[in-house]
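The values are calculated or read from the model by the stated rules, or taken from the named source; none is laboratory data. Every value quoted in this text rests on a predicted model; they were computed, and no experiment measured them. Positions of Cβ are generated from backbone atoms using ideal geometry, with glycine treated the same way; all protein chains shown enter the neighbour counts. The accessibility values were calculated without ligands, DNA or RNA, using every heavy atom of the protein model including side chains. Shrake-Rupley method; radii C 1.70, N 1.55, O 1.52, S 1.80 Å.
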Amino acid sequence: MLAETIFSAVAAAGLGIAAITAYRKRFLSAARIAAYALVPLGLVMTGAVDWIADTAFSPVAWAGFGVLGVAWLLFLSTRAVERRRGDRKETTAGTEPSAVAPAASSPSRAVTAKPQSGTTGEDFSDIEAILKKHGI
């Protein structure tokens, strides 16, 4: 009850300041002040102030926030474990393994890179110049 009275008084004072500002021909500022002044009045009229006051002083509400926090931590920890495992999946005796190709022990053919003519010397000379510049 006290919060509603205070919020209504703040709104009335803000509207009074907006009226004085409009009287001084500063209409844009007056409109902005009126908008800010009407926010607390709107919160009182919608019942948001009662809800916030009831939530702030209710132990059950704080216990609910605690339960939500625990649930959030469980979600985060399961994501971390999932990410750490990668794509490995546990298989039991009753289920068949997932269709994943086995890792190759050696490459099936030799891969050789053919250097382009004249580019390797230039690349290394540029790198050497940078290293000498920095005294390495």
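In table form, for the structure just shown:
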read-out: Sorted peptide list for 51-61, 27-37, criterion being average Cβ within 10 angstrom, highest first; value: 27-37, 51-61
read-out: Chain lengthening between Trp62 and Thr46 when straightened (0.36 nm per residue, less Cα-Cα); value: 3.5 nm
read-out: Carbon and sulfur %, accessible surface of region 1-88 computed with the full protein complex present, 1.4 Å; value: 73 percent
read-out: Three-way shape label, region 1-87, alpha-carbon gyration tensor, a/c 1.5; value: oblate
read-out: Projected label distance in nm at Leu73 and Thr55, using a 7 Å step from Cα toward the beta-carbon; value: 2.2 nm
read-out: Net charge of neighbours whose Cβ lies under 15 Å from the Cβ of Ala31, counting Lys and Arg as +1 and Asp and Glu as -1; value: +4
